[in-house]
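This is the structure, below, for whatever I ask next.
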Amino acid sequence: MQKVKYNPLLIGVLLLVFTFCFSVVLAKAQNDKQINGAEHRSTVATFVQTLLNVADREQEGIGEEVRVVAQQQNETKDEVADAIDKIQNRSKIKTFLIGTDYRNLGALRSEMVQTRNRLEQLSRLLENIQSEEDKTELQNQIQTLEQEQQKIEDFIKAQEGKFSLFGWLVKLFNK
């Protein structure tokens, strides 16, 4: 039986490349902390409370529609925050080997579409609000939620852009 000889230089280079790639991935992962679940919950809770205050002051049908949008956004804030936390808390080694948490990224994308629809609905309702104070307050809250949406969009892009050894294989099976 023949003994297989391993080139120590080749093994050393491969280990060095693997270590370098892994450390780059870990360093990048630590910089992806631009949003977290608790921060999202807090932002949306403030948004919802302000909308409910506007809805209470607007006695016509507009107030009820604003209240419904606020309640819908409130119902989904925990799901979005949990998805963000699950993606961020995923094992770095698992992310390096098979890629990011595509299921939770899909849930985030889906919720972003729903939130965009709610923002459009609020923008339409904005035209019918009588009080200038309420109009300004609603505009500010719409802008706040749009900024939160942009943070989530940036987060999704950062997660999708992470390097993984076998992520292409996982994507193949997820289709």
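Just to verify a result, which residue in the stretch 96-140, among those that are hydroxyl-bearing (Ser, Thr, Tyr) and either within 19 Å of Arg67 (Cα to Cα) or surrounded by fewer than 15 Cβ atoms within 10 Å (Cβ to Cβ) (or both), is nearest to the chain's Cα centre (by Cα)?
Of the stretch 96-140, the ones hydroxyl-bearing (Ser, Thr, Tyr) are 100, 102, 110, 115, 123, 131, 136.
Next cut, either within 19 Å of Arg67 (Cα to Cα) or surrounded by fewer than 15 Cβ atoms within 10 Å (Cβ to Cβ) (or both) only: 110, 115, 123, 131, 136.
Details: Ser110: 10, Thr115: 12, Ser123: 23, Ser131: 34, Thr136: 27 Å.
Across the stretch 96-140, the extreme among qualifying residues is Ser110.
Also: Gln59: in a helix (DSSP H, G or I) and out of contact with any strand residue (DSSP E or B) (no Cβ under 8 Å at 6 or more places or on another chain), yes or no?
On the way: in a helix (DSSP H, G or I): no; out of contact with any strand residue (DSSP E or B) (no Cβ under 8 Å at 6 or more places or on another chain): yes.
Here the answer is no, as Gln59 does not meet what is asked.
Is there any pair linking a residue in the stretch 84-106 that is free of Cβ contacts under 8 Å to residues at least 24 places away in the same chain to one that is assigned to a helix (DSSP H, G or I) and β-branched (Val, Ile, Thr), with Cβ under 9 Å and at least six apart or on different chains, and which?
Short answer, once both residue conditions are applied: Asn104/Ile84; Asn104/Ile87.
Out of Arg103, Arg109, report the one residue that is of a type in the set (Lys, Arg), part of a helix (DSSP H, G or I), over 22 Å from Asn53 (Cα atoms) and at pLDDT 95 or above. Show your work before the answer.
Working: Arg103 fails: at pLDDT 95 or above.
On inspection, the qualifying residue turns out to be Arg109.
OK, next. Name the one entry in Gln149, Gln130, Gln159 that is touching a residue at least 24 places away in the same chain (Cβ under 8 Å) and not in a helix (DSSP H, G or I). It would help to see each step written out before you state the result.
Details: Gln149 fails: not in a helix (DSSP H, G or I); Gln159 fails: not in a helix (DSSP H, G or I).
Matching residue, one of Gln149, Gln130, Gln159: Gln130.
If a residue must be closer than 30 Å to Val68 by Cβ and not aliphatic (A, V, I, L, M), how many such residues does the stretch 84-95 contain? Explain how you work it out, then say what you get.
Pass one, the stretch 84-95, residues closer than 30 Å to Val68 by Cβ: 84-87.
Then drop every residue that is not not aliphatic (A, V, I, L, M), which leaves 85-86.
The total comes to 2.
The values are calculated or read from the model by the stated rules, or taken from the named source; none is laboratory data. As the structure is a prediction and not an experimental result, all values here were calculated from the model. Cβ sites come from the backbone with ideal geometry, for glycine too, and all protein chains shown count toward neighbours.
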